[in-house]
1. Of all beta bridges DSSP finds with both residues in segment 3-114, what is the antiparallel percent, to the nearest 5?
2. Take a quick pass over the chain and tell me how many lysine pairs come in under 18 angstrom between Cα atoms, counting only ones 8 or more apart or on separate chains.
3. Label 7 Å along Cα→Cβ of ASP54; segment 93-114 residues with amide nitrogen under 20 Å?
4. Just add up the charged neighbours of GLN39: K/R +1, D/E -1, any other residue whose Cβ is under 10 Å from the Cβ of GLN39.
5. Ignoring ligands, DNA and RNA, how do LYS86, LYS97, LYS19 rank by accessible area with a 1.4 Å probe, largest first?
6. Using the heavy atoms of the protein chains and a 1.4 angstrom probe, tell me the accessible area per residue for segment 24-114 in square angstrom.
7. How much of the accessible area of the chain, probe 1.4 Å, is carbon plus sulfur, in whole percent?
Amino acid sequence: QVQLVESGGGLVQAGGSLKLSCTASGMLFSGSTMGWYRQAPGKQRELVARIYTDGTTIYADSVKGRFTISRANAQSTVYLQMNSLKPEDTAVYYCNKFFAPVRWGQGTQVTVSS
């Protein structure tokens, strides 16, 4: 059974940093393009960043230059380093396969205070 477990969220002041982790089980992690998504209250879930199996990364314009996605295949874990956080980054953050998403995890809450 596929499972995604996100962690690392919290409350931080604007300009601060957080590093999120997502560990996958029950799937071929190393062969999967992985994405980080977020959903703010009253808004649709949006793709923040993705990382391909060859390490290629792509970011949404809103986070480019501030967020860094990375992966550790041996640990079946994808990370999201978030720097220079803004109040508009406040959301629940999720990871999932970019192609053929599986059941969503519980997400991790990120709250950025101004």
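1. Numbers: 34 of 38 bridges.
DSSP beta bridges in segment 3-114 are roughly 90 percent antiparallel.
2. On the way: LYS19/LYS64; LYS19/LYS86; LYS43/LYS86; LYS64/LYS86.
For the chain, the number of qualifying lysine pairs is 4.
3. Of the residues in segment 93-114, 98-100 have backbone N under 20 Å from the label point off ASP54.
4. Working: positive: ARG38, LYS43, ARG45; negative: GLU46.
It works out to a net charge of +2.
5. Numbers: LYS86 80, LYS97 45, LYS19 105 Å².
Correct descending sequence by accessible area is LYS19, LYS86, LYS97.
6. Numbers: 4530 Å² over 91 residues.
Spelled out: the 1.4 Å probe surface of segment 24-114, per residue, equals 50 Å².
7. Numbers: 2850 of 5790 Å².
Whole-percent figure for carbon plus sulfur exposure: 49.
The values are calculated or read from the model by the stated rules, or taken from the named source; none is laboratory data. Since we're looking at a predicted model, the values are computed, not measured. Here the Cβ is made from the backbone with ideal geometry for all residues, glycine too, and neighbour counts use every protein chain on show. Areas reflect the complete protein model, heavy atoms only, side chains present, ligands, DNA and RNA absent. Shrake-Rupley method; radii C 1.70, N 1.55, O 1.52, S 1.80 Å.
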